[in-house]
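The values are calculated or read from the model by the stated rules, or taken from the named source; none is laboratory data. Since the model is a prediction, treat every value here as computed from it, not as a measurement. Note: ideal-geometry Cβ built from the backbone for every residue, glycine included; neighbour counts use all protein chains shown. Please note that ligands, DNA and RNA were not included when accessible areas were found on the heavy atoms of the full protein model with its side chains. Shrake-Rupley method; radii C 1.70, N 1.55, O 1.52, S 1.80 Å.
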Amino acid sequence: MKFIKPGQFVRLTSRSQLVSITQGFWIGVHEITQKKYESVMSANPSFFKGPDLPVEKVSFLQALDFCRTLTAQDRKAGRISADMAYRLPTEAEWEYACLATAATAFSFGETEESVEEYAWTAETADDRTQPVGLKKPNAWGLHDMHGNVWEWVVDWFAPHPKAEQLVDPTGPPEGKHRVFKGGGWYHEAKFSQSTTRFMMDPGVSINYVGLRLVLAKRGEATR
């Protein structure tokens, strides 16, 4: 995992919005692999099989269960302290980590020109997931923030607040669908921009959505 210091980023949608992240957090250098998921859950729901492929066909609810189970295991083994927990990132944390100080649509620039160097998308992925970590990382050393599989975040889906500045936003307290981010093997590169967001019922799974973990002292952001 990589420690991400507090800071700010500009969310570029129909307007520019300054988002502040006031607490540091650890985030996975790559998406959770099938090998890691199976070692924790003794199961592998993925459609495309391979130990170094990202786990997919994981619903939001299954992702939360994985976080809780891994937290309990690592606390018991002394690998993390009792005040630390694995969880899904907030959408704002995810975007901040994805951009890694960039002020552009992608972490590597404003256009899709260099996307093949950084992301597995419909144009390059050969209609399937690919082993994690093969593409170039972003400036903070994080792989596959664009492409390969979409990644669950903890936020309920709703339009972003219209305020010019936000501090540690976490989305609405309730809703019908949860958000996933980052693009994937099944979709074109244009959908892997940092601000792109899709949503799905938390109990549904599909073979182009997986997860990446955060480790932080905030506890489990489940709402």
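Cross-link reach is defined here as a Cα-Cα straight distance under 18 Å, omitting same-chain residues fewer than 8 places apart; for Lys36 the aspartates and glutamates meeting it are Asp52, Glu56, Asp65, Asp74, Asp144, Glu151.
Which FRET efficiency, nearest 0.05, do Lys5 and Phe47 yield, Cβ-Cβ r, R0 35 Å?
On the way: r = 37 Å, r/R0 = 1.04.
Here the calculated transfer efficiency is 0.45.
Can you match Rg/Rh (Cα atoms, Kirkwood Rh) to one of these, [x] 1.09; [y] 1.00; [z] 0.93, based on a calculation from the structure here? Checking each listed value against the structure points to [z]. At a probe radius of 1.4 angstrom, the accessible area of the stretch 1-111 per residue rounds to 44 square angstrom. With a Förster radius of 30 Å applied to the C-beta separation of Thr111 and Leu134, the computed FRET efficiency comes to 0.85. Would the stretch 91-159 count as rounded, prolate or oblate if I go by the C-alpha gyration tensor, calling it rounded below 1.5 in a/c and otherwise prolate when a/b exceeds b/c, oblate otherwise? Because a/c hits 1.5 or more and a/b fails to exceed b/c, the stretch 91-159 counts as oblate.
Classify the stretch 1-122 as rounded, prolate or oblate, taking a ≥ b ≥ c as the square roots of the eigenvalues of its Cα gyration tensor: rounded when a/c is under 1.5, otherwise prolate if a/b is larger than b/c and oblate if not. Here the stretch 1-122 falls in the oblate category. A simple rule links phi to the HN-Hα coupling: the Karplus curve 6.51 cos²θ - 1.76 cosθ + 1.60 with θ = phi - 60°, which for the stretch 147-163 gives x, 6, 10, 5, 10, 4, 10, 7, 5, 5, 6, 6, x, 5, x, 8, 4 Hz, with x for Gly and Pro. With R₀ fixed at 41 Å, the C-beta to C-beta distance from Ser81 to Ile206 puts the FRET efficiency at about 0.70. Take the Cα of Asp126, step 7 Å toward its Cβ, do the same at Gln73, and the gap between the two points is 2.9 nm.
Here the simple spin-label model places points 7 Å from the Cα toward Cβ, and for Glu38 and Thr101 these points are separated by 3.9 nm. Set the bar at 30 Å for Cα to Cα. Now go through Lys57/Lys136; Lys5/Lys49; Lys190/Lys217; Lys5/Lys136; Lys5/Lys176 and name every pair that lies beyond it. As for pairs spanning more than 30 Å Cα to Cα, those are Lys5/Lys49; Lys190/Lys217; Lys5/Lys176.
Would you work out what percent of the accessible area of the stretch 21-80, with all protein chains in place, is carbon or sulfur (probe 1.4 Å)? Don't jump to the answer; show the numbers that get you there.
Numbers: 1490 of 2870 Å².
Heavy-atom surface of the stretch 21-80 belonging to carbon and sulfur, 1.4 Å probe: 52 percent.
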